1. Within region 163-182, can you find the residues that are small (Gly, Ala, Ser) and open to solvent by 10 Å² or more (accessible area, probe 1.4 Å)?
2. Going through region 220-234 one residue at a time, which ones are among the hydrophobic types (A, V, I, L, M, F, W, C) and either touching a strand residue (DSSP E or B) at 6+ places or on another chain (Cβ under 6 Å) or touching a residue at least 40 places away in the same chain (Cβ under 8 Å) (or both)?
3. Do you know which of the residues in region 156-185 that are in contact with a Ser or Thr (Cβ under 9 Å, 6 or more places away or on another chain) and β-branched (Val, Ile, Thr) is farthest from the ligand (Cβ to nearest atom)?
4. Check Ile185, Ile121, Ile109, Ile134 and return the single one that is free of Cβ contacts under 8 Å to residues at least 40 places away in the same chain and either touching a Phe, Trp or Tyr at 6+ places or on another chain (Cβ under 6 Å) or surrounded by 21 or more Cβ atoms within 10 Å (Cβ to Cβ) (or both).
5. Any idea how many residues of region 232-279 are among the hydroxyl-bearing types (Ser, Thr, Tyr) and surrounded by 17 or more Cβ atoms within 10 Å (Cβ to Cβ)?
6. Is it fair to say Leu198 is under 20 Å from Gly164 (Cα atoms) and modelled with pLDDT of 95 or more?
Amino acid sequence: MKKFVALLLAMIMVLSLAACGGKKAEEPAKESTPSQEQTQTPEVKEGGTIGVCIYKFDDAFMTTYRNALQAILEDKGYTVTVVDGNNDQAKQNEQINTFITQGVDALIINPVMTSAAATIISTVKSAGIPTVLINREPTADEMAAYDKLVYVGCDAAQSGTFQGELILDTPNKGDINGDGKVSYIMIQGDPENIDAQLRTEYSVKALTDAGVEVEQLNLTRGDWDREKGQTICANDLAQFGDKIEVVFCNNDDMAIGALQAIQSAGRKVNEDIYLVGVDALDAALNEVKAGNMTGTVLNDATAQASAAVECMEGLLNGDTYAAGEQSVYVDYVKVTPDNVGDFMK
Ligand code: GAL
């Protein structure tokens, strides 16, 4: 375990060093030790004030992420305020404006709506605040409007592909009843979100690319939410029964909900149904270990938080980003019963 943590930390360091590759600012000439008065001027780049906007606190994965972010920033001596957007873009816009009025040195923003990115970017650009966007990726064109802006996240298509591969790795490649096709239900996150769109597409594409025939029995939005995952899965099990061979969930929280429905219906994961999620939440790791989930995909909150802070510090030191080079990605990792121990605390 210690070895794994050391390896992970080393990977994070390599990643963040390689990742936040904005154009380096000129080293300022070191003249004299800054006076107390100087340390209060906006030129001071260390130990500054950071505003962090999270789309909503009531989201399992983003809770892990924001805790990691806060810990890393505070450890480095920043004064941090983290605010809850309550899944309300208008509210988050106000929070961003308040941070700007308060004169924060940098912002880290997890937008409520990806479609609001252009407005957010224009607001932070007008205020000249270095900004790191996280978790909900805008288009490259939108980001190109501001060179003191970077996005840190993951390539959502990769997580979808890994989910499909988890099914392909089962003894019957997901075709439990041997009828020549994999019949599945898809429990989707918020469909406005690129993670939900790409995971939905690429999980199934991994199967079809491998020549496996698929049949979608249902696709329902569960908004990343455990209770919705449970209700959707319970309804689908009532409607389609044994026909369902695979339950794809765009995240683990919905998968944990789905598992409750699967168990209530008397079904047994890895025997008569497969279940996969994304995030590698602690609860999901326990279920993978116990054989109650086929697998999950690590969405590395700590590595993303480290990379976000690294990029933020680069921006604070004057780095700028060229159009088309403003996205920094952290790799997903497949989690199976074989390697789950490596991810458990
Ligand atoms: C995803 C994550 C989900 C949810 C979502 C919010 O990356 O897998 O669980 O947190 O972000 O945008």
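1. Correct list: Gly178, Gly180.
2. Trp224, Ile232, Cys233 - these are the residues of region 220-234 that are among the hydrophobic types (A, V, I, L, M, F, W, C) and either touching a strand residue (DSSP E or B) at 6+ places or on another chain (Cβ under 6 Å) or touching a residue at least 40 places away in the same chain (Cβ under 8 Å) (or both).
3. Among them, the one singled out is Ile176.
4. Ile121
5. Final tally of qualifying residues: 1.
6. yes
Residues are listed down the side, and each one gets a yes or a no for (1) open to solvent by less than 40 Å² (accessible area, probe 1.4 Å); (2) among the aliphatic types (A, V, I, L, M); (3) touching a residue at least 12 places away in the same chain (Cβ under 8 Å):
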{"residue": "Asp59", "(1), (2), (3)": "yes, no, yes"}
{"residue": "Leu73", "(1), (2), (3)": "yes, yes, yes"}
{"residue": "Tyr78", "(1), (2), (3)": "yes, no, yes"}
{"residue": "Asn93", "(1), (2), (3)": "no, no, yes"}
{"residue": "Gly103", "(1), (2), (3)": "no, no, yes"}
{"residue": "Lys125", "(1), (2), (3)": "no, no, yes"}
{"residue": "Thr139", "(1), (2), (3)": "no, no, yes"}
{"residue": "Ala144", "(1), (2), (3)": "no, yes, yes"}
{"residue": "Val152", "(1), (2), (3)": "yes, yes, yes"}
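Per-residue answers, yes or no, for (1) at pLDDT below 95; (2) open to solvent by 30 Å² or more (accessible area, probe 1.4 Å); (3) touching a helix residue (DSSP H, G or I) at 6+ places or on another chain (Cβ under 6 Å):
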| site | (1), (2), (3) |
| --- | --- |
| Arg226 | no, yes, yes |
| Val288 | no, no, yes |
| Met293 | no, no, yes |
| Ala322 | no, yes, no |
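The values are calculated or read from the model by the stated rules, or taken from the named source; none is laboratory data. Since the model is a prediction, treat every value here as computed from it, not as a measurement. Methodologically, a virtual Cβ is constructed for each residue, glycine included, from the backbone with ideal geometry; neighbour enumeration extends over all protein chains shown. For the accessible areas, the whole protein counts, side chains as well, though only heavy atoms, and no ligand, DNA or RNA atoms are used. Shrake-Rupley method; radii C 1.70, N 1.55, O 1.52, S 1.80 Å.
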